[in-house]
Amino acid sequence: MAQGREFVWTNADFARVQALIYQRAGISLHDGKHAMVYSRLSRRLRDTGHTSFHDYLSWLETHDGPEWQEFVNALTTNLTAFFREQHHFEIFASHLRSKPSANWRVWCNAASTGEEPYSIVITALEALGANASFKLTASDIDSRVLATAAQGIYRLDSVKGLSPERLQKFFLKGKGGNAGMVRAKPELRRAIDFMSVNLIRDDWPFKEPFDVVFCRNVMIYFDAPTQRRVLERIHRVLKPGGMLFVGHAENFSESKDLFTLRGKTVYERR
């Protein structure tokens, strides 16, 4: 317990947070996250008027309201960028071009603030043309970042990785009070359905299978049994031969019965 903090913060409080976020979101918080958890959840104590973590967590455990979403939002990490891990988009483009007239259904299940979903749609429009049959489902567990993604508005410095051609073709530059901002054009936003999906819940709302799933830099927050359960569910919603793109630090060689490695962090559904 550190001195000089606004709220009392004990090892027991941290252990309760670890248990609650694991139950709710499948996230395994390791012991080095004490300071991060204290900092992020302190805001929730202030906003809800609680004077100790003990009281806040006890209240959370006995209520099933919107604060659970705020709790999850506070503890999820949203690092993202346009065309992150560029090699994935090259493989994806060539996969799309192999069946130019298909009705493509793609799922990005860590949409964050939208950079990845818009990168996926830009790749599809470039590979297939403007009249392609292409629909992207973009989901996240964090409701706040999804709202940002749906707006598709970004500061100019966050799109600096995009070529001038792509910026001109797919984004509108803000004027006047919106100077220094860009907005994704309507044809990008129309191709995306944004929705909240909790990967560890067995209530995914999908009726038809997907051709491609992007599940990048999500599984690193899950322990091995949770990873396996999520992979089994992804296997169920992917067509046979469908592609799964994962993060650069993720390796699912233990799940050879479900997926075959087809390239650097690219798997094919068996």
Can we say residue 146 is over 26 Å from residue 209 (Cβ atoms) and either in a strand (DSSP E or B) or hydrophobic (A, V, I, L, M, F, W, C) (or both)? no
Checking the conditions here, which among 158, 139 is among the hydroxyl-bearing types (Ser, Thr, Tyr) and assigned to a helix (DSSP H, G or I)? 158
In the range 124-138, what count of residues is obtained for those that are within 22 Å of residue 158 (Cβ to Cβ) and surrounded by fewer than 21 Cβ atoms within 10 Å (Cβ to Cβ)? 2
Tell me, yes or no, whether the range 157-176 has at least one residue that is in contact with a Gly (Cβ under 6 Å, 6 or more places away or on another chain) and within 20 Å of residue 194 (Cβ to Cβ). no
Residue match in the range 196-205 (condition: at pLDDT 95 or above, outside any strand (DSSP E or B) and of a type in the set (Phe, Trp, Tyr)): yes
Return yes or no: is residue 16 surrounded by 14 or more Cβ atoms within 10 Å (Cβ to Cβ), in contact (Cβ under 8 Å) with a residue 12 or more places away in the chain and not acidic (Asp, Glu)? yes
Six or more apart or on different chains, Cβ under 7 Å: which pairs go from a residue in the range 247-263 that's touching a residue at least 60 places away in the same chain (Cβ under 8 Å) to one that's in a loop (DSSP other than H, G, I, E, B)? Could you list them? 247/216; 247/217; 247/265; 248/85; 248/265
Would it be correct to say that residue 22 is of a type outside the set (Asp, Glu) and open to solvent by 60 Å² or more (accessible area, probe 1.4 Å)? yes
Quick one: would you say residue 6 is more than 23 Å from residue 193 (Cα to Cα) and open to solvent by 80 Å² or more (accessible area, probe 1.4 Å)? yes
Cβ pairs under 6 Å, 6+ apart, first in the range 122-136 and within 17 Å of residue 163 (Cβ to Cβ) and without any contact (Cβ under 8 Å) to a residue 60 or more places away in the chain, second open to solvent by 30 Å² or more (accessible area, probe 1.4 Å) and not in a strand (DSSP E or B): 127/97
Within the range 63-121, residues open to solvent by 40 Å² or more (accessible area, probe 1.4 Å), more than 22 Å from residue 134 (Cβ to Cβ) and over 17 Å from the mean Cα position of the chain (by Cα) come out as 63, 64, 66
Filter pass, residue 43 being closer than 26 Å to residue 146 by Cβ and open to solvent by 80 Å² or more (accessible area, probe 1.4 Å): yes
So for the range 212-219 (the condition being in contact with a Lys or Arg (Cβ under 9 Å, 6 or more places away or on another chain), open to solvent by 50 Å² or more (accessible area, probe 1.4 Å) and basic (Lys, Arg)), does at least one residue qualify? no
Quick one: which of 185, 173, 169 is open to solvent by less than 60 Å² (accessible area, probe 1.4 Å) and charged (D, E, K, R)? 185
Can you give me the number of residues within the range 93-132 that are under 16 Å from residue 193 (Cβ atoms) and outside any loop (DSSP other than H, G, I, E, B)? 11
Hits in the range 231-270 - residues which are farther than 20 Å from residue 89 by Cα, at pLDDT below 95 and among the acidic types (Asp, Glu): 254
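The values are calculated or read from the model by the stated rules, or taken from the named source; none is laboratory data. Being a predicted model, the structure only gives us computed values, none of them experimental. Note that we place each Cβ from the backbone using ideal geometry, even for glycine, and neighbour counts take in every protein chain shown. SASA here: full protein model, heavy atoms, side chains in, ligands and nucleic acids out. Shrake-Rupley method; radii C 1.70, N 1.55, O 1.52, S 1.80 Å.
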